[in-house]
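J.: After the structure tokens below, expect a handful of questions from me.
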Amino acid sequence: MADYAIISLGGKQYRVSEGDRLLVNRLPTDEGKTFHPDVLFTGGNGKPNLSPRIQVTAKVVGSPLGPKIRIGKYKAKKGYRRHTGFRAKLSEIEIQSIGATRSNAAEKEEPKAEAKPKPAAKPRAASKPRAAAAKKPATRKAPARKPATRTKPTEKK
């Protein structure tokens, strides 16, 4: 059995042990359900293990909001001030077990993308050659312009 594992969740990596509670970005798993995150590495007792057969079981405990973050923008001498706020949506997970090996049956249960045969394409009708002479040259109208109004320069006295 491993003492710790490095798992990947939401593009981030976490070092976890059994019984740990983590706040991670919101997960699609419902509250109270268990799931198996991707295991990158397990270790403990001086024996590292890179085998993908080790499994970590985690349970979603809750889905709180993160702390409120206030963001202020300010430009000196311009009268420009803007304030916005943000609260991250999080999931609290608890690591239940590390080290249960995945059985071959569990690996077979994972959905795999199957290649579906594509339907035969319909044959295209022979296209007619386009005659270059049949095309009319594009004519472009000039936009209507207002006559420029000129003012006479003032004379110096």
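The values are calculated or read from the model by the stated rules, or taken from the named source; none is laboratory data. Remember, it's a predicted structure, so these values are computed and weren't measured experimentally. A quick note on method: Cβ atoms are made from the backbone with ideal geometry, for glycine too, and the neighbour counts reach across all protein chains shown.
J.: Please go through the stretch 49-68 and give me each residue that is farther than 14 Å from Tyr4 by Cα, of a type outside the set (A, V, I, L, M, F, W, C) and not in a loop (DSSP other than H, G, I, E, B), ordered by number.
T.: Lys59, Gly62
J.: Shifting gears a bit: If a residue must be touching a residue at least 12 places away in the same chain (Cβ under 8 Å) and either within 20 Å of Ile6 (Cβ to Cβ) or among the basic types (Lys, Arg) (or both), how many such residues does the stretch 69-82 contain?
T.: Residues in the stretch 69-82 being touching a residue at least 12 places away in the same chain (Cβ under 8 Å) and either within 20 Å of Ile6 (Cβ to Cβ) or among the basic types (Lys, Arg) (or both): 1 in total.
J.: Just the residues that are surrounded by 10 or more Cβ atoms within 10 Å (Cβ to Cβ) and over 24 Å from the mean Cα position of the chain (by Cα), please, taken from the stretch 53-73.
T.: Residues satisfying the conditions are Arg53, Ile54, Gln55.
J.: Given the conditions (1) in a loop (DSSP other than H, G, I, E, B); (2) surrounded by 13 or more Cβ atoms within 10 Å (Cβ to Cβ), report the number of the one that Gly46 does not fulfil.
T.: (2)
J.: Between residues in the stretch 2-25 that are closer than 12 Å to Ile93 by Cα and residues that are modelled with pLDDT under 95 and of a type in the set (S, T, N, Q), which pairs lie under 7 Å by C-beta distance while being six or more apart or on different chains?
T.: Matching pairs, first to second residue: Glu18/Ser97.
J.: Kindly indicate whether any position in the stretch 130-150 is assigned to a loop (DSSP other than H, G, I, E, B) and either modelled with pLDDT of 95 or more or touching a helix residue (DSSP H, G or I) at 6+ places or on another chain (Cβ under 7 Å) (or both).
T.: Start the filter on the stretch 130-150 by keeping residues that are assigned to a loop (DSSP other than H, G, I, E, B), which leaves 130-150.
Retained after the next criterion (residues that are either modelled with pLDDT of 95 or more or touching a helix residue (DSSP H, G or I) at 6+ places or on another chain (Cβ under 7 Å) (or both)): none.
Scanning the stretch 130-150 turns up no residue that is assigned to a loop (DSSP other than H, G, I, E, B) and either modelled with pLDDT of 95 or more or touching a helix residue (DSSP H, G or I) at 6+ places or on another chain (Cβ under 7 Å) (or both).
J.: Same structure, new question: Quick one: count up the residues across the stretch 30-43 that are loosely packed, with under 10 Cβ neighbours inside 10 Å and acidic (Asp, Glu).
T.: So the count comes out to 1.
J.: Looking only at residues in the stretch 74-89 that are within 28 Å of the chain's Cα centre (by Cα) and basic (Lys, Arg), which one is surrounded by the fewest Cβ atoms within 10 Å (Cβ to Cβ)? Write out each step before concluding.
T.: Here is the first cut: in the stretch 74-89, the ones within 28 Å of the chain's Cα centre (by Cα) are 82-89.
With basic (Lys, Arg) added as a condition, the list becomes 82, 87, 89.
On the way: Arg82: 9, Arg87: 11, Lys89: 11.
The extreme case among them is Arg82.
J.: Which one of these is touching a residue at least 40 places away in the same chain (Cβ under 8 Å), among the small types (Gly, Ala, Ser) and more than 16 Å from Ile98 (Cα to Cα): Gly66, Gly44? First the steps, then the outcome.
T.: Details: Gly44 fails: more than 16 Å from Ile98 (Cα to Cα).
Among Gly66, Gly44, only Gly66 is touching a residue at least 40 places away in the same chain (Cβ under 8 Å), among the small types (Gly, Ala, Ser) and more than 16 Å from Ile98 (Cα to Cα).
J.: When the stretch 1-19 is examined, which residues are found to be among the charged types (D, E, K, R), surrounded by fewer than 15 Cβ atoms within 10 Å (Cβ to Cβ) and at pLDDT 90 or above?
T.: Here is the first cut: in the stretch 1-19, the residues among the charged types (D, E, K, R) are 3, 12, 15, 18.
After this cut, where a residue has to be surrounded by fewer than 15 Cβ atoms within 10 Å (Cβ to Cβ) as well, the list is 3, 12, 15.
Within the stretch 1-19, Lys12, Arg15 qualify.
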